[in-house]
Amino acid sequence: MSKKNPRKLQDKLKVKSSEHGYGLFAKTDFAKDSVIGRIKGKVVSDEKHDPRYVMEMGNDKLLVPKAPFRYLNHSCRPNCELFDWEDEPPNPKTGVKDLYLGAIRKIKSGAELTIDYSWPASFAIPCHCGSKKCRGFIVSEEERHLVA
C-alpha cells in the first residue's frame, strides 16, 4: 500500500445509518491496496474496555478508535483490513505502531467499509453480515470450530 494519502477523511468517508446501527461508508471509489486513513484514538492497556469497541495493537495495548473509524462494522467477507507499516517505528507516546485502514479489494462510492473482527471464541456473537461466506458468528476463522 502506498503511504500517499492527500485527501481529507471527510471528503472520503461518511458515517450514516446502516442495518447494524451506524456504519462507515465510502464517498469516493477506493482502489485495491489503497490506504483509506490512519486510525486515531486512545491507546489503553487495561482490559476493562468492551472488546466490541477496541482494536488490538499488540504489546497488551488496545486502541479505542475515534470517529469515523469507530463505526467500522464486521463482515465475514470484508473489503478493508487494519495494518501498520513495517518500516515505521512505534509511536513514542504509546509504545505501539500507528494503525491504518486499507482496501483489500476495489470499493465503490456508497459501499459500506467493513473489517473482519476475528474475535476469539470466548467473545463470539451471532453474525448477521449477510455475506455468502458468513461464518454464522463473529469469530476468528481459526476458532470457528469452538463456537456451537
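Throughout, read-outs are computed from the coordinates displayed, never taken from laboratory work. Just so it is clear, the structure is predicted and the values come from calculations on it, not from any experiment. Glycine also receives a Cβ, built like all others from the backbone with ideal geometry; neighbour counts cover every protein chain displayed.
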_Using helices alone, I'd like the mean residue ellipticity at 222 nm for the chain: each DSSP H run of four-plus residues gives -39500 (n - 2.57), total over residue count, nearest 500._
-500 deg cm²/dmol
*Taking the Cα centre of segment 30-148 as the origin, how large is its charge dipole in debye, to the nearest 20, when only Lys and Arg (+1) and Asp and Glu (-1) carry charge on their Cβ atoms?*
620
_So, R0 is 22 Å and r is the distance between the beta-carbons of residue 123 and residue 70; what FRET efficiency does that work out to, to 0.05?_
0.75
*At 1.002 mPa s and 20 °C, Stokes diffusion of segment 15-79 via Kirkwood alpha-carbon radius, µm² per second*: 160
_trypsin sites (Lys or Arg not before Pro) restricted to DSSP loop in segment 44-148 with at most 15 other C-beta within 10 Å_ = 48, 66, 93, 105, 106, 108, 132, 133
*Counting GluC sites (Glu not before Pro) as exposed when in a DSSP loop with at most 15 other beta carbons within 10 Å, what is the longest stretch of the chain free of them?*
87-148
*Does segment 87-148 come out rounded, prolate or oblate by the C-alpha gyration tensor, with a ≥ b ≥ c the root eigenvalues, rounded set by a/c under 1.5 and, if not, prolate when a/b is larger than b/c and oblate if not?*
oblate
*Evaluate the relative contact order of the chain (contact order divided by residue number), counting alpha-carbon pairs under 8 angstrom at least 6 apart; express in whole percent.*
25
_Distance (nanometres) between label positions extended 7 Å along Cα→Cβ at residue 22 and residue 131_ = 2.4
*Which ordering of 145, 20, 128 is given by a fewest-first count of other beta-carbon atoms within 10 Å?*
145, 128, 20
*Once you have a ≥ b ≥ c as the square roots of the Cα gyration tensor eigenvalues for the chain, tell me rounded if a/c is under 1.5, and otherwise prolate or oblate according to whether a/b is larger than b/c.*
oblate
